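Structure first, then comments.
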Amino acid sequence: MASVIIKGKEYQLRFDMYAMEQIEEEFGSVKNVFETMHGGKQMKATRTLFRILANSWLSNEGEAETVTGDEIKHADIDLIKAVGEAVRDAIAEGTKSETTDGNEADDEVHDMFLEEIEKKNG
């Protein structure tokens with residue numbers, strides 16, 4: 001499971017349907033996340049994704065969604081890198097298995113995330 005430690009506290013990150021809905025609410029569409037990141041607002045997007053993915057984990061565990069993004073507001077470069085890696089790992093984990101229900105919209109989102117992750121890592 002993707003996680004990052006901030007000031008001694010571990011935050012688990014989860015990318016699932018709930019997170020995708022939150023991303024759509026925040027960015028307008030899942031595709032807009034990458035456009036935002038490539039458009040010069042990478043830190044804002046990373047902070048927002050951290051908040052969404054951490055709260056998705058908490059929600060899945062039946063806990064209150066308490067992550068605000070302020071946890072990384074004054075992060076140094078090493079923490080920013082660690083959070084970015086954890087976000088990418090959570091998305092990779094959430095999209096690693098091929099969809100099998102024949103839902104083309106799901107397949108398109110899955111493929112888009114995998115392509116962006118491969119670009120970043122490649």
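The values are calculated or read from the model by the stated rules, or taken from the named source; none is laboratory data. Note that this is a predicted model, so its numbers are computed, not measured. Every residue, glycine among them, receives a Cβ derived from its backbone with ideal geometry; neighbour counts consider all protein chains shown.
Descriptive notes on the structure:
- Candidates are the residues of segment 2-20 that are of a type in the set (A, V, I, L, M), more than 13 Å from Val67 (Cβ to Cβ) and not in a strand (DSSP E or B); the one that is modelled with the highest pLDDT is Ala2.
- Counted residues, segment 10-20 - those being under 21 Å from Ala82 (Cα atoms) and either surrounded by 15 or more Cβ atoms within 10 Å (Cβ to Cβ) or touching a residue at least 40 places away in the same chain (Cβ under 8 Å) (or both): 7
- Here Gly40 meets the list (1) under 12 Å from the mean Cα position of the chain (by Cα); (2) part of a loop (DSSP other than H, G, I, E, B); (3) of a type in the set (Gly, Ala, Ser) almost entirely, failing just condition (1).
- When segment 95-114 is filtered for residues that are within 22 Å of Glu26 (Cβ to Cβ) and either surrounded by fewer than 12 Cβ atoms within 10 Å (Cβ to Cβ) or modelled with pLDDT of 90 or more (or both), only Ala105 remains.
- The one condition in (1) in contact with a Lys or Arg (Cβ under 8 Å, 6 or more places away or on another chain); (2) surrounded by 14 or more Cβ atoms within 10 Å (Cβ to Cβ); (3) not in a helix (DSSP H, G or I); (4) not charged (D, E, K, R) that Thr68 fails to fulfil: (2)
- Scan of segment 21-44 for residues that are surrounded by 13 or more Cβ atoms within 10 Å (Cβ to Cβ) and modelled with pLDDT of 90 or more, ordered by number: Glu21, Gln22, Ile23, Glu24, Glu26, Phe27
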